[in-house]
Structures are given as C-alpha cells and as structure tokens.
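Okay, structure first, notes after.
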Amino acid sequence: MEQLVIQETDYDAISSKIACINKKYLPDPQIFSVYPNYELLYNSYFNELPKVTRRSYNKIKKLMSSNNYPIMNIGTYLRTVSIDHVLSLYLLPNSDNAEKNNHFQIINLGCGTDLRYFQYNHIYEERLERYIDVDFPMAIETKGRVLSNLNKKNPSLFDLNDNGGSTDGKYQLMSFNLNRNTDELIKQLELVGCDFSLKTIIITECCLCYIEDAKSIELISKLNSVFNAKTNNLHWVSYDPIGGTDKFGQIMTDNLLFQRNLKLPTLLTYNTKEKYSKRFSSIINSDISIKIEDMWEIFQTKIPLKEKTRVQKCEFLDELEELKIILSHYVILYF
Amino acid sequence: MTDKIDKIIEYICLSGTNSTAQEYTNSQTYSPSILTSCESSYNTTNTNPNNNILSEENIYEICQYIQDLLIQEPNIAHIDTPVTICGDIHGQLHDLLNLFSISSGTNNSAFDDQDETNPVTVTTNNSNGTTTTTTTPINSTRTTSIPNFSQSLLNTRYIFLGDFVDRGFYSLETFLLLICLKIRYPDRIILVRGNHETRQITKVYGFYDECIRKYGNCNVWRYCCEVFDYLPLGCSINDGTIFCLHGGLSPDVKNLNEIRCIDRKQEVPHMGAMCDLLWSDPDELVNSWSVSPRGAGYLFGKNEVDEFRYLNNIDLIARAHQLVMEGYKEMFNKGLVTVWSAPNYCYRCGNVASVLTIDNNMNKTYKIFDAVPIKDNRGNSIIPNKKPSMDYFL
C-alpha cells in the first residue's frame with residue numbers, strides 16, 4: 001500500500017509536466033532547439049496511456065484539472081529545466097572537446113513517467129552508452145507497455161523493442177523497489193548492462209524524499225563505492241523538497257500524510273541546503289565539490305532575463321512572496 | 001430581506017464552524033451541513049428546500065441588493081474609529097470567522113479550548129504621540145459557535161482591504177458572508193476592492209472553478225463579479241490621516257481627488273490609475289516608479305510615499321496585497337503598513353496573520369493570529385474531500 005502511495009506521486013509529476021507543456025512553459029527554447037519532438041513525445045505518451053491503464057489516466061486527468069495554478073506551472077518548469085541544464089551545461093557540455101569522446105550512462109532512480117531518455121539520446125547520440133530507468137514493477141510495466149505501443153505507431157520517434165527498451169539495448173527499463181537491498185539493486189543493474197567503469201550520472205528526482213533515512217544512506221554509499229571502485233567518475237543530480245527552518249516542512253508533512261497518507265521521512269531531517277548536501281558530502285570523496293541551489297535561486301539567478309520574461313508571460317502570476325516561499329523549499333543538488 | 005440575510009449569515013457560520021448537524025437541528029428551520037462533505041447542498045435541484053438557503057436565486061437577490069448600497073459609496077469610502085483594518089482573506093472562511101472573534105474581543109465566548117494564558121502585548125510609543133501595540137500570536141482554535149456579529153460590530157468597525165476570494169476553498173461563502181454583513185451593518189463595515197475581485201483573475205485563481213464545482217454553472221460567479229465592479233477603491237479613516245487601499249500608489253494619482261473622479265464601475269483595466277491602486281507594491285530598494293514583477297501596477301519607494309502623504313495630509317497608508325510571514329510589515333518610517341489576514345496562506349505557507357486596530361486616539365494595535373487547525377477535534381477537515389491533492393511538487 002505504501003508503495004502505491006509513493007508510486008502515485010508520479011501522477012502529480014506527469015500531470016504537472018503536461019500542464020506545463022499545454023501552457024507553453026515547456027519545452028524551454030534551449031531544449032526545443034536541440035530536441036523539437038518534446039511536446040509530441042509527452043502528448044503521445046499521455047494519449048496512449050488510457051489504452052494501457054484507464055485508472056492511471058483518469059487520476060492524472062483529475063490532477064490536471066485541479067492543480068493548475070501558475071505557481072505550480074512555474075515550479076514544474078524550474079524543476080524540469082534545472083535538471084536538464086545541470087546535465088547539459090555542467091555535467092555533459094557538448095562543446096567541450098575534451099569531453100567529446102567521453103561516453104557516459106544515466107541511471108534514473110524512481111523515474112516514473114519521465115521520458116528524458118528520448119531527449120538525451122537525440123542530443124548526445126553515440127556518447128550516451130546506456131540509459132536505465134528504474135522504478136517500482138507496476139510503474140515500469142505500464143511504462144514499458146505504453147512505450148512499446150507507441151513504438152509500433154511511430155518507430156522513428158521511439159526505436160524500441162517490444163518490452164519498451166531500445167532495440168540496441170541502450171535503453172533499459174528495470175523493475176526494482178528501492179527500499180530493497182542495494183546490493184540486489186547493483187546486481188540487477190549489472191544484469192541490464194550497467195558498466196561500473198563508465199562515467200555515470202544518477203538522477204533522483206523526488207525520489208530520496210520518500211525513502212527512510214537509513215535506507216537512503218545505504219543507497220548513496222553503496223552506489224558511490226561500487227561506481228568509484230573502478231573509476232572516480234560518478235555524478236549525481238538530485239531534486240527534492242526540504243523542510244526549511246520555518247513551519248513549511250511541518251505543514252507539508254501533515255498535509256501530505258493527512259491527504260494521501262504519503263510520508264516524507266527525511267523532509268525535516270535534511271531541512272536546509274547545508275544538511276541536504278551533507279547527506280552526500282559525508283559519504284562521497286571530499287575532493288568532489290557538491291553544488292546545491294534552491295529553485296528560487298535558480299529562478300532569480302540562473303534563468304536568463306529573456307527566458308524569465310517569456311515564462312512570466314505564459315500566465316499571469318499574482319503573487320511573488322508565495323512563489324518565493326514555495327520555491328525556496330525545493331533544491332537541486334549536483335556533483 | 002433582513003431575515004433571509006440573517007439566515008444566510010448563520011448558515012455560512014455554521015458551515016464554517018464545522019458544527020455537526022445534530023447539534024443544531026432543534027433550533028434551526030433548515031439543516032446546516034458541513035461544507036466539506038456536502039457540496040451538493042448548493043445545487044438548486046436539491047429536493048430538500050431547507051438546504052436551498054444558498055440557492056442561485058437568493059444569491060442573485062443579495063448581489064442585486066448590495067449593488068444599490070455600494071453605488072452610493074464614493075470611490076474613497078469613509079469610516080470612523082474605532083476600526084479594525086483587515087488584509088487579504090482569500091476564501092479562508094474558517095480563519096475569517098476566527099478573525100472576527102479575535103478582533104472584536106469576543107473570542108472568549110466564541111472559542112473552546114482557548115489558551116488560558118493572556119497574550120503578551122508589546123507597546124511602543126511613536127513620535128507622533130500615538131502608540132503601537134503588538135500582541136504575540138494567538139493560538140487559534142476552531143470556533144464552535146456563531147460569532148456574535150451584532151456585538152463584534154458594536155465594539156469595532158471593519159475595513160476589509162480586498163482579495164476576499166480565490167486560492168482558499170470557501171471564496172463564495174467568504175464573499176457572501178462579508179456582503180451580508182455589509183447589508184446588515186452598512187455603516188460599520190467597508191469592503192474595498194482587491195486585485196482578485198475581477199473576472200479575469202478569478203477565472204485563473206479558483207473562485208470561478210469553485211462556483212462551477214458547487215453549482216454546475218457559473219451564474220453565482222457572474223452575480224458576484226457584478227458586485228466586484230461596485231466596490232470602492234479605498235477608504236479614509238476619521239479626518240483622513242489614515243488612508244487604506246488594497247495595493248498601492250499610482251504615478252497617475254498625485255492627489256486623492258484624482259481617485260475620486262475615476263469611473264470605477266467596470267472590470268479592473270490592465271493599466272492606469274485604477275489598476276495601479278489594486279496592483280502596486282512598495283519596495284525599499286527603488287527610488288522612483290519602477291516596473292512591477294507582477295506584470296501590473298508599479299513598484300514605488302519612500303519618495304513616492306512621502307510625497308503622497310505630504311500632498312494629501314496622510315500619516316499612514318494601510319494596504320494589503322502582499323503576503324507577510326509575520327502578519328504585518330511597517331515601512332518608510334511607519335508611513336506605510338502592509339496588513340495580511342490569511343494565516344497559513346493556501347494551507348501551506350506557514351505564515352501568521354494580523355489585523356490592525358485603530359482606537360479613538362489613533363493608537364495602533366496589531367493583533368497577530370495563527371490559522372485554525374485543518375482538522376478539528378471531531379475529525380472534520382476544512383479541506384474539501386474532492387480536492388485530490390495539496391499543491392506540492394512530488
């Protein structure tokens with residue numbers, strides 16, 4: 001049951017993302033210029049979904065009709081582009097000649113309906129060696145069926161096999177409950193072709209926040225040691241809410257527990273940027289510098305003025321104070 | 001009409017206090033229902049005539065009636081002390097009922113489980129001879145009985161600085177309660193227009209959707225929007241040394257008379273004086289009129305405030321419009337104050353709220369209060385069951 005509650009948070013994520021696409025927040029022009037199929041990708045996934053599971057489709061539709069305040073769209077936009085930009089500008093600069101021959105793989109833990117593989121495969125092509133989407137068995141099964149249906153309709157856009165993975169084995173969908181033993185996770189990653197000596201980027205987007213503290217420490221430290229045993233080339237991008245030092249975190253905890261029985265075990269533990277980043281710095285090699293920014297900082301300092309103006313014109317935003325409060329409680333960490 | 005208005009006030013209050021129907025059936029001619037679980041009671045097709053107190057017909061009637069009342073008020077309404085200035089409410093009905101209890105000093109009778117300790121007050125003497133008092137946050141509990149409005153409105157008059165609707169789950173009840181009170185006590189309550197009291201904004205920020213959800217059509221939304229067009233744009237207190245409005249100043253308004261000659265009975269325009277009064281914000285970092293990040297109105301600084309106060313003989317500009325975590329914020333040597341009256345805004349921001357009381361000697365008292373608990377001791381929630389999720393990024 002608890003698993004289902006967590007899995008259903010993907011409905012929130014995908015409904016917000018599609019709402020953002022409908023309102024033209026996404027894709028941002030930078031992504032659009034390198035991957036023009038973004039809108040088509042998400043819309044065709046969403047349109048195919050009711051043929052696989054009407055229940056999920058209806059739940060997402062319902063969320064879309066109730067969760068559509070501009071403040072939510074701006075937050076979803078920032079969450080999406082901040083991860084994309086960290087990857088494209090910081091971890092995988094395409095222009096950098098030294099990096100050009102560097103091949104890499106991406107592991108998205110708790111991927112949900114995220115379809116970044118298609119975007120990155122298009123942008124990085126042969127540099128991307130492998131892309132592994134990991135989530136609960138039910139989520140992966142749905143995703144595999146939807147993708148394989150879509151592949152039959154539009155093989156050029158998807159290029160997948162019948163299980164939803166890519167024909168060349170580059171893209172893998174892997175069922176795994178992250179609350180299980182991390183050694184088991186590592187074994188399974190190996191089975192789907194994960195290369196522990198390759199430059200690797202792990203993405204956890206609203207994933208660690210649902211995992212018990214001890215379990216998440218085990219996850220980070222074991223993955224860190226298995227990848228770093230062979231090469232010092234592990235990167236991590238993590239997006240999560242933080243409780244803050246005000247009442248926000250406690251209210252969020254109460255609201256989500258009361259409304260959905262959803263638990264965020266570490267929201268109040270790693271409640272500041274410093275503490276959230278310590279979660280990693282206490283484990284990984286101390287030479288590596290960990291960067292962390294909250295979404296308000298991203299909005300104020302990382303989004304170019306022209307793009308900011310575009311975003312603010314998508315809809316009429318009535319309130320900035322509230323936006324600041326909400327956005328400063330979500331962070332992106334990367335190294 | 002008076003009888004009907006009183007019934008509506010009572011009905012909304014009972015709903016807002018989440019009282020169970022059984023406790024009131026003996027004394028009522030209609031059966032009050034818990035708003036959160038019984039939204040169907042709004043529907044006029046409901047077969048139980050006792051449930052139709054908030055019928056479309058009744059709302060139409062009230063909305064027509066109050067327009068006749070509001071049309072007589074000038075663009076800048078006037079009220080005398082003692083008066084309580086209230087900021088944004090945003091459909092948080094339960095907190096509004098609490099606000100009435102706290103501000104009128106009748107809270108002891110209206111609360112159960114009230115904290116026994118008296119609120120600590122901090123008093124400061126101002127240069128102009130008046131004093132400012134701030135109470136420490138009052139731990140709010142859900143009211144369990146109907147506020148005694150005739151007593152509350154005898155103790156103090158009220159100015160509500162707009163943004164009655166949107167965002168919260170009870171915009172309709174909040175607005176109806178306020179206009180019903182205005183009808184019953186016309187010279188003791190002033191409702192000023194906020195930037196959310198427009199058709200365009202309510203369509204995006206919840207009031208429109210709420211009406212559709214409760215009635216299946218947009219008629220009551222349309223009736224309310226017509227009332228919005230008649231609301232005054234500001235309010236002056238006593239001899240005019242305190243001037244209240246929702247947003248802020250406008251480069252098109254040097255003198256108050258320029259507000260008095262606006263033709264206000266229209267949807268708020270996208271630019272110009274009327275728009276600015278409802279949209280502008282003060283900013284300590286600007287030293288002249290600047291572009292507002294909200295996309296409407298202006299940012300203005302100390303210079304603009306000082307000039308406006310000097311030209312119009314105003315000591316204090318009281319406004320709302322911006323969320324303040326501490327409930328209120330004084331700026332520009334106390335020449336301007338922001339009052340915010342929606343605690344735990346949108347049920348998630350964690351802020352306290354305040355009201356500003358001005359007594360007959362022009363002394364200022366800020367009363368700070370917390371949100372009522374989302375769940376009361378009977379397990380009734382103020383979040384509607386139909387709301388599938390709070391607004392978080394998950």
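Structure notes:
- Check on B:LEU299, of a type outside the set (Lys, Arg), more than 30 Å from B:ARG188 (Cα to Cα), out of contact with any Leu (no Cβ under 8 Å at 6 or more places or on another chain) and surrounded by fewer than 17 Cβ atoms within 10 Å (Cβ to Cβ): no
- Residues in region A:294-324 that are more than 18 Å from A:TYR25 (Cα to Cα) and in contact with a helix residue (DSSP H, G or I) (Cβ under 7 Å, 6 or more places away or on another chain) were compared, and the one that is surrounded by the most Cβ atoms within 10 Å (Cβ to Cβ) is A:ASP294.
- Boolean, A:PHE258 is within 12 Å of chain B (Cβ to nearest Cβ), modelled with pLDDT under 95 and touching a strand residue (DSSP E or B) at 6+ places or on another chain (Cβ under 8 Å): yes
- Residues of region A:187-207 that turn out to be in a helix (DSSP H, G or I) and under 20 Å from A:ASP168 (Cα atoms), as a count: 4
- Only listed residue being more than 30 Å from B:ASN344 (Cα to Cα) and either surrounded by fewer than 16 Cβ atoms within 10 Å (Cβ to Cβ) or not β-branched (Val, Ile, Thr) (or both), chosen from A:LEU257, A:LEU264, A:LEU208, A:LEU185: A:LEU185
- Region A:233-248, residues that are in contact with a strand residue (DSSP E or B) (Cβ under 8 Å, 6 or more places away or on another chain) and within 9 Å of chain B (Cβ to nearest Cβ): A:TYR239, A:PRO241
- Filter result (in a loop (DSSP other than H, G, I, E, B) and either among the aromatic types (Phe, Trp, Tyr) or within 12 Å of chain B (Cβ to nearest Cβ) (or both)) within region A:283-328: A:GLU315, A:PHE316, A:LEU317, A:ASP318, A:GLU319, A:SER328
- Scanning region B:302-326 for residues that are part of a loop (DSSP other than H, G, I, E, B) and over 18 Å from A:GLU321 (Cα atoms) yields B:ASN313, B:ILE314, B:ASP315.
- Output for region B:255-277, where each listed residue is in contact with an Asp or Glu (Cβ under 8 Å, 6 or more places away or on another chain) and within 14 Å of B:ARG319 (Cβ to Cβ): B:ASP276
- Taken residue by residue, region A:271-278 has at least one member that is among the basic types (Lys, Arg), within 27 Å of A:GLU2 (Cα to Cα) and surrounded by fewer than 16 Cβ atoms within 10 Å (Cβ to Cβ).
- Listing of helices (runs of 4 or more DSSP H) fully contained in region A:26-142 that carry 3 or more residues being crowded, with 16+ Cβ neighbours inside 10 Å and within 14 Å of chain B (Cβ to nearest Cβ): A:54-66, A:70-85
One line per residue, one yes/no per condition, for (1) in contact (Cβ under 8 Å) with a residue 40 or more places away in the chain; (2) surrounded by 18 or more Cβ atoms within 10 Å (Cβ to Cβ); (3) within 10 Å of chain A (Cβ to nearest Cβ); (4) in contact with a Cys (Cβ under 9 Å, 6 or more places away or on another chain):
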{"site": "B:VAL305", "(1), (2), (3), (4)": "yes, yes, no, no"}
{"site": "B:LEU311", "(1), (2), (3), (4)": "yes, no, no, no"}
{"site": "B:ARG319", "(1), (2), (3), (4)": "yes, yes, no, yes"}
{"site": "B:LYS329", "(1), (2), (3), (4)": "no, no, no, no"}
{"site": "B:VAL339", "(1), (2), (3), (4)": "yes, yes, no, yes"}
{"site": "B:CYS349", "(1), (2), (3), (4)": "no, yes, yes, no"}
{"site": "B:VAL355", "(1), (2), (3), (4)": "yes, yes, no, yes"}
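Here's the yes/no breakdown for (1) more than 14 Å from every other protein chain (Cβ to nearest Cβ); (2) of a type outside the set (Asp, Glu):
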site: B:ASP187; (1), (2): yes, no
site: B:TYR205; (1), (2): no, yes
site: B:CYS211; (1), (2): yes, yes
site: B:ASN217; (1), (2): yes, yes
site: B:ARG222; (1), (2): yes, yes
site: B:CYS225; (1), (2): yes, yes
site: B:PRO232; (1), (2): yes, yes
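- Any hit, region B:367-378, residues being part of a loop (DSSP other than H, G, I, E, B), crowded, with 21+ Cβ neighbours inside 10 Å and more than 10 Å from chain A (Cβ to nearest Cβ): yes
- Set side by side, the residues B:MET362, B:MET325 differ, and just one is out of contact with any Pro (no Cβ under 6 Å at 6 or more places or on another chain), surrounded by fewer than 22 Cβ atoms within 10 Å (Cβ to Cβ) and within 19 Å of B:GLY162 (Cα to Cα), which is B:MET325.
- Residue list for region A:320-335, restricted to those being more than 13 Å from A:THR272 (Cβ to Cβ) and touching a Ser or Thr at 6+ places or on another chain (Cβ under 8 Å): A:ILE332, A:TYR334, A:PHE335
For (1) more than 29 Å from A:CYS314 (Cα to Cα); (2) at pLDDT 95 or above, each residue gets a yes or a no:
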position: A:TYR45; (1), (2): no, yes
position: A:ILE71; (1), (2): no, no
position: A:THR76; (1), (2): no, yes
position: A:ASN108; (1), (2): yes, yes
position: A:GLU126; (1), (2): yes, no
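The values are calculated or read from the model by the stated rules, or taken from the named source; none is laboratory data. Please read these numbers as outputs of a predicted model, since none were measured by experiment. Don't worry about glycine lacking a Cβ; one is built from the backbone with ideal geometry, like all the others, and counts go over all protein chains shown.
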